[in-house]
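The values are calculated or read from the model by the stated rules, or taken from the named source; none is laboratory data. Because the structure is a prediction, the values reported are computed rather than measured. A quick note on method: Cβ atoms are made from the backbone with ideal geometry, for glycine too, and the neighbour counts reach across all protein chains shown. What goes into the accessible areas is simple: the full protein's heavy atoms, side chains included, and nothing from ligands, DNA or RNA. Shrake-Rupley method; radii C 1.70, N 1.55, O 1.52, S 1.80 Å.
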Amino acid sequence: MSAKAWGGAFDEKTDPRVEKFTESISFDSRLAAVDIRGSQAHARMLTQSGLLTADECRQIVETLDLIGQEISRGEMVWKTELEDIHMHIESALIARIGDVGRKLHTARSRNDQVSTDLKLYVRDSLAVLDGLLAELQQAFVDRCEIDVDVVLPGFTHLQRAQPVMANHYWLAYCEKFQRDRERLADCRKRVNVLPLGAAALAGTSLPIDRQETARLLGFDAVAANSLDVSSDRDFLAEAIFDLSLISVHLSGWAEEWILWCTTEFGFLKLPDAYTTGSSIMPQKRNPDVLELIRGKSARVIADVQQILTLLKGLPLAYNRDLQEDKLAFFDALDTVQACLELAPSIVRRARLQVETINARLEEGFLDATTLMEYLISKGVPMRSGHEVVGKLVRTCESRRIKLADLTLTELQQACDKIEADVADSLGVRNVVLRLSSFGSGGRDAVAERVAAWRQRLTGNG
Ligand code: ARG
């Protein structure tokens, strides 16, 4: 027997440089466990369809288990000439059980096999990512206990805008990561359609039962067009995009906290275990982990470009280009997973510098918009109220005072609708009592959302 699966029709040996160029075992060996799962289900289906005997099936399934154990112990020697994980496992099987092993690839090609492996792998990965995202959300929700009374300036254009409860910030990230989790769940629908049985590209003349394979592997449906199967990597492109959006969310958070750790902001102190010093400047504590979370998002974004560019010019059905799909996915997955594993500890252990925050909290006219809303509530048209408050802000700026420092008479000179109760709309602490719309950053609205999130996370598990 030739060492190559296609030896029958070939006269010349493959150039070793071609073997080195075309191998994928250096990166697809991580599909070993799912390849074995897929093969065992395939063997069981072949048996039910009368293509293998019960004894042959038992030999195949048991030997595949042994091969799986050998691989997990790191004992399998990867050989470039065996190309990929599928050939390694099949040839190990044949080496052990001979002709019975040579029957496993019945009604199957590596084209539908690799797609099935990938889908099983992606499906498992989606579950892991969902768990990591839930942990990160939990870390943000747990922070809400610590920061319950803290008010922070909210920014637009990175300029001080309106005050919000600190917890409003934490829950904003929970919302983003919730959408990420929903996207992963949605992606799973496309992942969970069985490719196996499409064979090379045309299906098979043998009497297979693809529904049974789907049932055995936990797929919800069977892919209905064999040409589409071997070219379809939509599920992978989606998964990589979903990963890229997670990393964009992580990057934005990292950037915000990097800023907050600067002397200029002074809002946040990171735990020592998650910062690094400088080899020359003794006073430095650098937010390197956050910077790398921000920096690594570039890789994941590039992975989206890679997979789309890989796919865009391919005719139906399988083309070898597709072998490169795994590189993009594994890189995106590993990168995001590494970030998600570190993020919760940083979220839990960073401390807001409440004194520094409070010392400057009344700067920047964070109450201007609420003062304008007070005027609206007294019947002043919005645009006129905007103008009145704008002028008051200018007056305060030139006198270097706050809106709350103006006397009632001064305020009434600016607008005769103003009454003594205006005091309740001035000053940051009052503003967060007044912000009350659903989803707002005000005290009560945020407290309600904290409770809702806590319940949601315990419900979700
Ligand atoms: N290693 C290959 C890949 O990842 C497996 C499929 C090979 N199929 C083929 N017809 N050469 O795409």
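Here are a few things to note about the model shown:
- Estimated FRET transfer efficiency when R0 is 25 angstrom, pair Thr356-Ser398 (beta carbons, to 0.05): 0.40
- Note on the chain: with neighbouring protein chains present and a 1.4 Å probe, carbon and sulfur make up 52 percent of its accessible heavy-atom surface.
- For the range 221-351, the equivalent ellipsoid derived from the alpha-carbon gyration tensor has semi-axes of 40, 13, 11 Å in decreasing order.
- Mean silhouette area of the range 142-188, derived from the convex hull of its C-alpha atoms and averaged over all directions, reads 4.2 nm².
- P(r) weight above 33 Å for the chain, C-alpha pairs, percent: 53 percent
- In this structure, the pairs whose alpha-carbon distance is over 22 Å, taken from Lys176/Lys284; Lys4/Lys79; Lys13/Lys119; Lys119/Lys312; Lys79/Lys326, are Lys176/Lys284; Lys13/Lys119.
- At full extension, Thr14 and Thr106 could sit 30.6 nm farther apart than now, given 0.36 nm per residue minus the alpha carbon distance.
- In the range 357-406, trypsin sites (Lys or Arg not before Pro) in a DSSP loop with at most 10 other beta-carbon atoms within 10 Å: Arg400
- Selection of trypsin sites (Lys or Arg not before Pro), the range 99-174, meeting DSSP coil and at most 15 other Cβ within 10 Å: none
- Here the range 300-394 is treated as an ellipsoid with the same Cα gyration tensor; its semi-axes, largest first and in whole Å, are 54, 25, 10.
- The alpha carbons of the range 136-249 stretch over 69, 29, 14 Å along the principal axes, in descending order.
- FRET efficiency estimate (nearest 0.05) - Cβ-Cβ, Glu264 to Asp321, R0 60 angstrom: 0.80
- Rg(Cα)/(2.2 N^0.38 Å) for the range 1-69, N = residue count: 1.43
- By the rule of a C-alpha distance below 26 Å, with chain neighbours fewer than 8 residues away ignored, the lysines paired with Lys378 are Lys391, Lys402, Lys417.
- In a fully extended conformation the segment linking Asp416 and Arg160 would gain 89.3 nm over its present Cα-Cα distance, using 0.36 nm per residue.
- In a DSSP loop and with at most 16 other Cβ atoms within 10 Å, the GluC sites (Glu not before Pro) in the range 230-331 are Glu264.
- The distance separating the Cα centre of the range 396-438 from that of the range 74-93 comes to 75 Å.
- Fraction of the pair-distance distribution of the range 386-461 above 16 Å, Cα-Cα pairs, percent: 62 percent
- Computed from the alpha carbon atoms alone, the convex hull of the range 25-99 holds 81 Å³ per residue.
- Cα gyration tensor category, rounded, prolate or oblate, for the range 1-140 with a/c compared to 1.5: oblate
- Which of Ala332, Ile246, Ile280, positive extreme of dipole for the range 201-332 (C-beta unit charges): Ile280
- Counting only aspartates and glutamates at least 8 places from Lys20 when in the same chain, those with an alpha carbon closer than 19 Å to its own are Glu12, Asp28, Glu81, Glu83, Asp84, Asp321, Glu324, Asp325.
- Rolling a 1.4 angstrom probe over the protein heavy atoms with all chains in place gives the chain an accessible area of 49 Å² per residue.
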